[in-house]
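Below: the structure, in structure tokens.
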Amino acid sequence: MGRALAEAYPDAHCELDFSSPLELLVATILSAQCTDKRVNEVTPVLFGRYRSAADYAGADRAEVEDVIRSTGFFRAKTNSLLKLGAALLERYDGEVPNRLEDLVTLPGVGRKTANVVLGNAFGVPGITVDTHFGRLSRRFGWTTEVDPVKVEHEVGALFPKKDWTVLSHRLIWHGRRTCHSRKPACGACAVAQWCPSFGLGPTDPKVAEKLLKSPRQVAETL
């Protein structure tokens, strides 16, 4: 199944725009309960104004709220960003740490966010258990766990550590494009022949193909 997903999504990658660990950390915090597309629309202005941990630590709350308002929960997210900047300055000389145990101590940062940053900004393998990853892992029979940390450990044991980050991207891409929550496109799925959940959605290829989301459709809902 892993090989088939690799063939189906050879270009799978993080769909948040960033150019530094700090930018990715901020973008991932903003992505909570928000689409990647919306975050990517907001971050050019945000990253243009706030380029360092010190900038966030000293930012005007109202200004940050105004910039990120459309991402939802903007007051809580602003609070996290201001506290994040202060914590990075106080504990890590303004730099984003590259260890999981350090990242998860930062305001607004949990294991999922930490693994996104580790895998995509630092090249440190990590599994990102978002809603897509959790759903597909259970559908594929890779785990029966619901707790994200337990899912992370069980699935991680099935694959080489070096593949964890790209595996996360492939499952997330597959969840967004094919294995939908309510009506998976089973008849057009790259891993259908091995999937114990085959049949949850339409198995007729022509019917299933209509459920596939194009890159443009995915971009509109990221």
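Each row is one residue, and each column tells you yes or no for (1) of a type in the set (G, A, S); (2) touching a Leu at 6+ places or on another chain (Cβ under 6 Å).
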residue: R3; (1), (2): no, no
residue: P44; (1), (2): no, no
residue: Y56; (1), (2): no, yes
residue: S70; (1), (2): yes, no
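So that you can scan it fast, the table gives a plain yes or no per residue for (1) more than 22 Å from the chain's Cα centre (by Cα); (2) in a helix (DSSP H, G or I):
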{"position": "E152", "(1), (2)": "no, yes"}
{"position": "V166", "(1), (2)": "no, yes"}
{"position": "W173", "(1), (2)": "no, yes"}
{"position": "C179", "(1), (2)": "no, no"}
{"position": "G187", "(1), (2)": "yes, yes"}
{"position": "A190", "(1), (2)": "no, no"}
{"position": "P196", "(1), (2)": "yes, no"}
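Can T43 be described as modelled with pLDDT of 95 or more and surrounded by 15 or more Cβ atoms within 10 Å (Cβ to Cβ)?
Values: modelled with pLDDT of 95 or more: yes; surrounded by 15 or more Cβ atoms within 10 Å (Cβ to Cβ): yes.
So T43 passes the test.
Given the conditions (1) in the same structural domain as A87 (by TED's automatic domain parsing); (2) over 16 Å from the mean Cα position of the chain (by Cα), report the number of the one that V207 does not fulfil.
Condition (1) is where V207 drops out.
Collect the residues in segment 71-130 that are surrounded by 15 or more Cβ atoms within 10 Å (Cβ to Cβ) and among the charged types (D, E, K, R), keeping them in residue-number order.
Result: K77, K83, R111, K112, D130.
Failed condition for A12, given (1) among the aliphatic types (A, V, I, L, M); (2) assigned to a helix (DSSP H, G or I); (3) under 30 Å from D163 (Cα atoms), with all others met?
(2)
Of the residues that sit in segment 150-182 and are under 14 Å from R138 (Cβ atoms) and hydrophobic (A, V, I, L, M, F, W, C), which one is surrounded by the fewest Cβ atoms within 10 Å (Cβ to Cβ)? Step through it out loud before you land on a result.
Of all residues in segment 150-182, those under 14 Å from R138 (Cβ atoms) come to 150-152, 154-155, 158, 171, 174-175, 179, 181.
Remaining after also requiring hydrophobic (A, V, I, L, M, F, W, C): 151, 155, 158, 171, 179.
Details: V151: 20, V155: 23, L158: 14, L171: 29, C179: 27.
In this case the residue turns out to be L158.
Return yes or no: is F159 on the phi < 0 side of the Ramachandran plot, outside any helix (DSSP H, G or I) and not assigned by TED's automatic domain parsing to the domain that holds L25?
Spelling it out, F159 is indeed on the phi < 0 side of the Ramachandran plot, outside any helix (DSSP H, G or I) and not assigned by TED's automatic domain parsing to the domain that holds L25.
The values are calculated or read from the model by the stated rules, or taken from the named source; none is laboratory data. Since the model is a prediction, treat every value here as computed from it, not as a measurement. All Cβ positions, even for glycine, are placed from backbone atoms using ideal geometry, and neighbour counts span all protein chains on display.
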